[in-house]
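Each remark here refers to the structure printed beneath this line.
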Amino acid sequence: QVQLVESGGGLVHDGDSLRLSCVASGGTFSQYAVGWFRQTPGQEREFVAGTSWSGRSTHYADSVEGRFTISRENAKNAVTLQMNNLRPADTGRYYCAADRKEAWEDFVMNWPSNYPLWGQGTQVAVSS
């Protein structure tokens, strides 16, 4: 199984951009479905974006559609989340999650319970 480390969070203003990275070690990350989730105090962990192992299928929460892009960087054993036009409602701790798949299992998973492997998270704060 791989180990996951997120990076790229920070404090930005309304309308700014951030690029988060999830780097895997201990295995071939291109064999894993990957999701990004975020959480704020007192709230459930929320699906943000996901990609199938091949990268051919992606899915986004309605709240981020058109602003965020999830991409695979297989040469770096990484998955990124490009976040544009950030809003205060995007504030939270962002987590990368993964699950190893077989070749025919080329689909996106939207629920935290679907993912056995998680990173430690990275903080994102968007001020007005």
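The values are calculated or read from the model by the stated rules, or taken from the named source; none is laboratory data. Since the structure is predicted, the reported quantities are computational estimates derived from the model, not experimental observations. Virtual Cβ from ideal backbone geometry, glycine too; neighbours counted across all protein chains shown. For accessibility, only protein heavy atoms count, side chains too; no ligands or nucleic acids. Shrake-Rupley method; radii C 1.70, N 1.55, O 1.52, S 1.80 Å.
Of Ser57, Gly9, Gly42, which is farthest towards the positive pole of the chain's charge dipole, taken about the Cα centre with +1 and -1 on the beta-carbons of Lys, Arg and Asp, Glu respectively?
Going by the charge dipole, the pick is Gly9.
Compute the longest continuous run of the chain that contains no exposed chymotrypsin sites (Phe, Trp or Tyr not before Pro); treat a site as exposed when its DSSP state is not H, G, I, E or B and it has at most 16 other Cβ atoms within 10 Å.
In the chain, the maximal stretch lacking such sites is 1-103.
Give, rounded to the nearest 20 debye, the magnitude of the charge dipole that region 33-128 has about its Cα centre when Lys and Arg contribute +1 at Cβ and Asp and Glu contribute -1 at Cβ.
Value, rounded to 20: 260 debye.
Provide, for q = 0.25, 0.26, 0.28 Å⁻¹, the log10 of I(q)/I(0) from a solvent-free Debye sum over equal Cα point scatterers in region 75-128.
Debye output, listed in q order: -1.16, -1.19, -1.24.
Under 15 Å from a point placed 7 Å out from the Cα of Gln123 along the Cα-to-Cβ direction: which residues of region 78-110 have their backbone N that close?
91-95
Probe of 1.4 angstrom, ligands and nucleic acids ignored: what's the accessible area per residue over the chain, in square angstrom?
Roughly 50 Å² per residue, with all protein chains present.
Using the Cα centre of region 80-128 as origin and beta-carbon charges of +1 (Lys, Arg) and -1 (Asp, Glu), tell me which of Trp118, Ala103, Leu86 is placed farthest towards the positive end of the dipole.
Leu86
What spacing in nm lies between the two simple spin-label points modelled at Ser57 and Asn84, each 7 Å away from Cα in the Cβ direction?
Reported label-point gap for Ser57 and Asn84 is 2.6 nm.
Between beta-carbons, use under 13 Å as the cut-off and find the net charge around Asn85, counting Lys and Arg +1, Asp and Glu -1.
-2
Could you look at the chain and say what percent of its accessible area is carbon and sulfur, using a 1.4 Å probe and all protein chains?
Values: 3070 of 6390 Å².
After summing per-atom areas, the C and S share lands at 48 percent.
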